[in-house]
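Notes follow once the structure below has been shown.
The values are calculated or read from the model by the stated rules, or taken from the named source; none is laboratory data. For clarity, every value in this text was computed on a predicted model and none was experimentally measured. Cβ coordinates were reconstructed from backbone atoms using ideal geometry, including for glycine residues, and neighbour counts include every protein chain displayed.
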Amino acid sequence: MIGAIFVLLVAWLFLSQWIRITVFVVAILLWLNVLTLAGPSFSLWPAGQPTTTVTTTGGNAAATVAATGGAPVVGDMPAQTAPPTTANLNAWLNNFYNAEAKRKSTFPSSLPADAQPFELLVINICSLSWSDIEAAGLMSHPLWSHFDIEFKNFNSATSYSGPAAIRLLRASCGQTSHTNLYQPANNDCYLFDNLSKLGFTQHLMMGHNGQFGGFLKEVRENGGMQTELMDQTNLPVILLGFDGSPVYDDTAVLNRWLDVTEKDKNSRSATFYNTLPLHDGNHYPGSAKQRITKRGRRNSLMNWRNRVVK
């Protein structure tokens with residue numbers, strides 16, 4: 001215990017030269033170390049409601065879930081009932097990956113002859129979460145009224161643009177570790193490949209050049225998007241990234257997409273669009289110091305999406 005406190009003190013003295021670390025943050029770090037050594041002194045379950053564990057088997061996958069009181073909730077998440085020690089957390093994570101490895105969305109071999117054609121547009125927005133939307137006061141924005149289905153209680157399991165996009169593009173299979181994202185996956189895992197087999201024409205668009213961090217390369221090599229990047233010639237630049245790269249106007253990009261799809265003879269298309277107007281470091285052309293306000297950009301982004309769905 002004393003050794004852990006000493007290590008934290010040395011780390012604080014070193015990092016405080018560049019990073020502002022408040023007393024509150026230090027207290028939280030100390031508390032987390034106490035929990036790791038001793039385990040929590042309280043139960044996460046309400047008093048008088050014992051935790052039951054139920055194992056369900058569906059298809060090829062076995063699932064273990066926790067339930068409180070009455071009827072158990074069936075799912076594929078391992079139970080989270082043990083103290084949050086390093087060993088228990090690692091064991092839970094490994095069990096989660098083992099369960100996820102058996103998950104796969106099965107696509108039909110072909111569409112029915114009378115299947116109605118449609119266009120699928122996946123808009124992947126970097127640096128936007130439900131917490132951001134709530135903080136910006138946009139939970140009641142008119143955009144949400146257009147949706148038939150809305151998911152709010154989920155986690156993308158990543159905090160960075162590249163891995164988030166790869167996980168989305170591999171959505172036909174369960175979650176994998178970060179390391180395995182950069183290893184070849186089963187062909188059935190690539191969402192857009194599965195759609196291509198059903199007759200959907202692939203399109204790839206970006207509101208940027210995709211060069212920073214090798215993002216475009218990651219999307220191709222690890223996300224299975226081999227189609228050419230849609231032409232960005234003469235697109236209006238509304239922002240510059242922190243590295244000086246162009247951030248294109250979303251409306252102009254979508255209008256170009258509409259032009260391309262209208263000329264396409266195939267009435268079925270699947271498009272992946274990544275945009276990053278909310279990235280930290282974005283600024284207006286000609287003034288690196290005049291950075292965008294995220295609240296204003298969030299509102300503009302929501303208004304743009306509202307126009308798109310209309």
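Going by what's in this entry, would residue 172 be described as of a type in the set (Ser, Thr, Tyr), over 22 Å from residue 269 (Cα atoms) and under 15 Å from the mean Cα position of the chain (by Cα)?
It is false that residue 172 is of a type in the set (Ser, Thr, Tyr), over 22 Å from residue 269 (Cα atoms) and under 15 Å from the mean Cα position of the chain (by Cα).
Sort through 242, 272 and tell me the only one that's surrounded by fewer than 17 Cβ atoms within 10 Å (Cβ to Cβ) and among the aromatic types (Phe, Trp, Tyr).
Just a single option satisfies the conditions, and that option is 242.
Being of a type outside the set (A, V, I, L, M) and free of Cβ contacts under 8 Å to residues at least 40 places away in the same chain is the filter here, so list the residues in segment 216-235 that pass it.
217, 220, 221, 226, 227, 228, 231, 232, 233, 234 - these are the residues of segment 216-235 that are of a type outside the set (A, V, I, L, M) and free of Cβ contacts under 8 Å to residues at least 40 places away in the same chain.
Would you tally the residues in segment 256-277 being within 24 Å of residue 168 (Cβ to Cβ), of a type outside the set (Val, Ile, Thr) and in a helix (DSSP H, G or I)?
Total satisfying the criteria: 3.
I'm checking my understanding of the structure. Among residues of segment 72-98 that are modelled with pLDDT under 90 and among the aliphatic types (A, V, I, L, M), which one is farthest from residue 175 (Cα to Cα)?
Per the stated criteria, the residue is 82.
Look through segment 139-170, keep the residues that are assigned to a loop (DSSP other than H, G, I, E, B) and buried (at least 16 other Cβ atoms within 10 Å of the Cβ), and return whichever of them is modelled with the highest pLDDT.
Once the filter is applied, the top-ranked residue is 170.
Being in contact with a helix residue (DSSP H, G or I) (Cβ under 7 Å, 6 or more places away or on another chain) and among the hydroxyl-bearing types (Ser, Thr, Tyr) is the filter here; which residues of segment 257-271 pass it?
Those that are in contact with a helix residue (DSSP H, G or I) (Cβ under 7 Å, 6 or more places away or on another chain) and among the hydroxyl-bearing types (Ser, Thr, Tyr): 269, 271.
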